[in-house]
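Step one of this worksheet: look at the structure below.
The values are calculated or read from the model by the stated rules, or taken from the named source; none is laboratory data. What you see is a predicted model, and the numbers here were worked out from it, not measured in a lab. Using ideal geometry, Cβ is built from the backbone for each residue, glycine included, and neighbour counts are taken over all protein chains shown. These accessible areas exclude ligands, DNA and RNA; they are computed on the full protein's heavy atoms, side chains included. Shrake-Rupley method; radii C 1.70, N 1.55, O 1.52, S 1.80 Å.
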Amino acid sequence: MMAPHRYTTVSAEGMDTATAYRLICGVVVPRPVAWITTIDRDGRVNAAPFSSYNYVAHSPPMVAVNIGTRLGELKDTARNIRDSGWFCVNVATEDTMETLHRCGADYPPEVSEPEALGIALLPGVATPVPRIAASPIHLECKLDQAVALGRGLNTLYIGEVLAFHLSDAVYDGRHVDSVKLRPIARLGGPWYAALGETFHRPALQRPPGEPESSTSQSQA
């Protein structure tokens, strides 16, 4: 039997931004990483990683990324999404981690990370935003809404997925193989994580939109 936990209670009322950021990032783990490409008004391609990211709807498919301000100013990705209405989520993997991490440096707006770091791009199909060739999955998105959160330091950008691009190295025409994908996640502080051990449990409910006859397949 597990020994009872001993807790330290930290009140969030009036908590300063640095402390709140450190705690929330340490608690909400692991977090998937969105390697987001956008274009600015001059057509320059920006690429930056964000780990406050997840899917928020499936009909139609929608994803959301929370982007905070930097010293009171919009980050390049946020400004580009607002200006153009488009963005692309490139799934981050173990193979792309080092380059993705370097994209997190504070490049000035006039510098394109793909140009500076030699990142190969593919043209967008459903949007004008290029995709990162090294990523096995791309989600081309159209901005649906931008929702200001909290004290105004954070905005949630919700995008409708217009097209999925799935490498046949990880996709069999029906399912994405998460093990072959080798996605990375963010932990607290400077830490990333790989997928690690996986655990199988039978599905207890049918996935949305699946007919009853597919229940046994969804459990496989």
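How many of the residues making up region 9-41 are surrounded by 10 or more Cβ atoms within 10 Å (Cβ to Cβ) and of a type outside the set (A, V, I, L, M, F, W, C)?
Going through region 9-41 one residue at a time, the tally reaches 11.
Out of the residues in region 64-79 that are free of Cβ contacts under 8 Å to residues at least 60 places away in the same chain and part of a loop (DSSP other than H, G, I, E, B), which is surrounded by the fewest Cβ atoms within 10 Å (Cβ to Cβ)?
71
Regarding region 96-115, can at least one residue be identified that is modelled with pLDDT under 95 and within 30 Å of residue 9 (Cβ to Cβ)?
Looking for residues that are modelled with pLDDT under 95 and within 30 Å of residue 9 (Cβ to Cβ), one finds none in region 96-115, hence no.
So that you can scan it fast, the table gives a plain yes or no per residue for (1) β-branched (Val, Ile, Thr); (2) open to solvent by less than 70 Å² (accessible area, probe 1.4 Å); (3) assigned to a loop (DSSP other than H, G, I, E, B):
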position: 43; (1), (2), (3): no, yes, yes
position: 48; (1), (2), (3): no, yes, no
position: 62; (1), (2), (3): no, yes, no
position: 81; (1), (2), (3): yes, yes, no
position: 89; (1), (2), (3): yes, yes, no
position: 98; (1), (2), (3): no, no, no
position: 108; (1), (2), (3): no, yes, yes
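Condition check: basic (Lys, Arg), free of Cβ contacts under 8 Å to residues at least 24 places away in the same chain and either surrounded by 13 or more Cβ atoms within 10 Å (Cβ to Cβ) or not in a strand (DSSP E or B) (or both). Does residue 6 satisfy that?
So residue 6 passes the test.
Output the qualifying pairs, or none if there are none: Cβ atoms under 6 angstrom, residues six or more apart or on different chains, first residue in region 111-137 and free of Cβ contacts under 8 Å to residues at least 24 places away in the same chain and under 18 Å from residue 163 (Cα atoms), second residue in a strand (DSSP E or B) and open to solvent by 40 Å² or more (accessible area, probe 1.4 Å).
If the second residue must be in a strand (DSSP E or B) and open to solvent by 40 Å² or more (accessible area, probe 1.4 Å), the pairs left are 133/122.
Looking for something touching a Pro at 6+ places or on another chain (Cβ under 9 Å), open to solvent by less than 50 Å² (accessible area, probe 1.4 Å), of a type in the set (D, E, K, R) and at pLDDT 95 or above - is there at least one such residue anywhere in region 121-133?
Yes: region 121-133 contains one or more residues that are touching a Pro at 6+ places or on another chain (Cβ under 9 Å), open to solvent by less than 50 Å² (accessible area, probe 1.4 Å), of a type in the set (D, E, K, R) and at pLDDT 95 or above.
Being at pLDDT below 90 and in a loop (DSSP other than H, G, I, E, B) is the requirement here; does residue 197 meet it?
no
Quick one: in region 135-164, of everything that is part of a loop (DSSP other than H, G, I, E, B) and open to solvent by 70 Å² or more (accessible area, probe 1.4 Å), which residue is farthest from residue 34 (Cα to Cα)?
First pass over region 135-164, keeping only residues part of a loop (DSSP other than H, G, I, E, B): 135-136, 150-153.
Keeping just the survivors that are open to solvent by 70 Å² or more (accessible area, probe 1.4 Å) gives 150-151, 153.
On the way: 150: 22, 151: 24, 153: 20 Å.
Here the answer is 151.
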